[in-house]
Amino acid sequence: MSTVADHLAEYGFDVTESGSDRDGLPTHVHNAFGVRDIPAVPVRIAGMPAWHCGDVLIRPVTDNALASWSARVLDTLAPDGLRVARPLRSSDGRWVVSGFSACQYLGGQEEPRYSEMVAASLRLHAATASVRRPRLLDDRDDLVSRADAAAWGERTITLDPATGGLLFNELASYRTKLRLASQVVHGDLFGTVLFDGNAAPIVFDLLPFWRPVEWAAAVIVVDALAWGGAPPELVGEWSHLDAWPQALLRALLFRVALHAQHPAATTESLRGLEYAADLVLARL
């Protein structure tokens, strides 16, 4: 199964996280998380570089404040039917050291078990329902946040017509008022939920959005259709969720807006989203 990061990398998108060292883990970071005497084995988790050190997984992060917030929430979160890779503090109590964070290594791998991903999303978000909206969302201004706001009609942004702008405008014309409650949700679970046989799925981070749980589920479906080769029947499998067609539309608008903003996007890399759009439009 390809992750979103893997797919974008095929078309020249820069998906390397800042702070990572592809040649090895910095010694002081290795030491700080208490695995000085354990070899650091390079691995990839959700398409990004990481290091497996015995029972510890060390990963680069792009935003220290976001990584620390995620660690604090996951440290106490107990979702039913999911395993959380518990965040680990450094020897001096920090969640992040020089742009790296650590968590339990639980194994598992990416698998095209898309229905289980959506079910995992719903279970995770039942547990995050009481998490307060993080203030760090107020300061976010990047490609992702701009695409999110545009998808919900909260912001107007400039989109390249050839790489998604025209498709975005067509899709936006089908947008109607959506009455769903917002809460903290993980907005990028496709490719980041790991599976290990029949054991409970594994979640190891939390990328926060203040959106409905139905939208977070719909993002997984859109990604699976666009990038993962999921069968078209996946669109209807979750139609019992409230306002499902409009949740799917917002998820699709989000991904199209993100694609159309990126300077490395091409008409070729848009094809998966066009395929997903045909399936979503048929339900509106």
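Quick look at the values:
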{"item": "Subset of the stretch 225-284 that is open to solvent by 30 Å² or more (accessible area, probe 1.4 Å) and closer than 20 Å to THR156 by Cβ - its residue that is modelled with the lowest pLDDT", "result": "PRO263"}
{"item": "Residue satisfying all of: in the stretch 142-162; touching a Lys or Arg at 6+ places or on another chain (Cβ under 7 Å) and in contact (Cβ under 8 Å) with a residue 12 or more places away in the chain; surrounded by the most Cβ atoms within 10 Å (Cβ to Cβ) among these", "result": "ALA151"}
{"item": "Count of residues meeting criterion [among the charged types (D, E, K, R), in contact with an Asp or Glu (Cβ under 8 Å, 6 or more places away or on another chain) and part of a loop (DSSP other than H, G, I, E, B)] in the stretch 225-284", "result": "1"}
{"item": "Flag for ALA120 being small (Gly, Ala, Ser), at pLDDT 95 or above and exposed (fewer than 14 other Cβ atoms within 10 Å of the Cβ)", "result": "no"}
{"item": "Count of residues meeting criterion [among the small types (Gly, Ala, Ser), assigned to a loop (DSSP other than H, G, I, E, B) and in contact with a helix residue (DSSP H, G or I) (Cβ under 6 Å, 6 or more places away or on another chain)] in the stretch 41-66", "result": "1"}
{"item": "Boolean, SER90 is open to solvent by less than 40 Å² (accessible area, probe 1.4 Å) and either touching an Asp or Glu at 6+ places or on another chain (Cβ under 6 Å) or free of Cβ contacts under 8 Å to residues at least 40 places away in the same chain (or both)", "result": "no"}
{"item": "Index of the failed condition, THR3 passing every other in (1) touching a strand residue (DSSP E or B) at 6+ places or on another chain (Cβ under 8 Å); (2) open to solvent by less than 20 Å² (accessible area, probe 1.4 Å); (3) modelled with pLDDT under 90; (4) β-branched (Val, Ile, Thr)", "result": "(1)"}
{"item": "Subset of the stretch 94-117 (residues that are open to solvent by 50 Å² or more (accessible area, probe 1.4 Å), modelled with pLDDT of 95 or more, under 25 Å from PRO60 (Cα atoms) and not in a loop (DSSP other than H, G, I, E, B))", "result": "GLN104"}
{"item": "Complete set of residues in the stretch 142-167 that are of a type outside the set (Gly, Ala, Ser) and part of a helix (DSSP H, G or I)", "result": "LEU143, VAL144, ARG146, ASP148, PRO161, THR163, LEU166, LEU167"}
{"item": "Within the stretch 168-190, tally of residues that are part of a loop (DSSP other than H, G, I, E, B) and either aromatic (Phe, Trp, Tyr) or surrounded by fewer than 15 Cβ atoms within 10 Å (Cβ to Cβ) (or both)", "result": "8"}
{"item": "In the stretch 123-141, the residues that are in a loop (DSSP other than H, G, I, E, B), surrounded by 15 or more Cβ atoms within 10 Å (Cβ to Cβ) and of a type in the set (A, V, I, L, M)", "result": "VAL131"}
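The values are calculated or read from the model by the stated rules, or taken from the named source; none is laboratory data. Quick caveat: nothing in here was measured; it's all calculated off a predicted structure. Please note: Cβ atoms are built from the backbone with ideal geometry, for glycine as well, and neighbour counts cover all protein chains shown. These area figures cover heavy atoms from the full protein model, side chains too; ligands, DNA and RNA do not enter into them. Shrake-Rupley method; radii C 1.70, N 1.55, O 1.52, S 1.80 Å.
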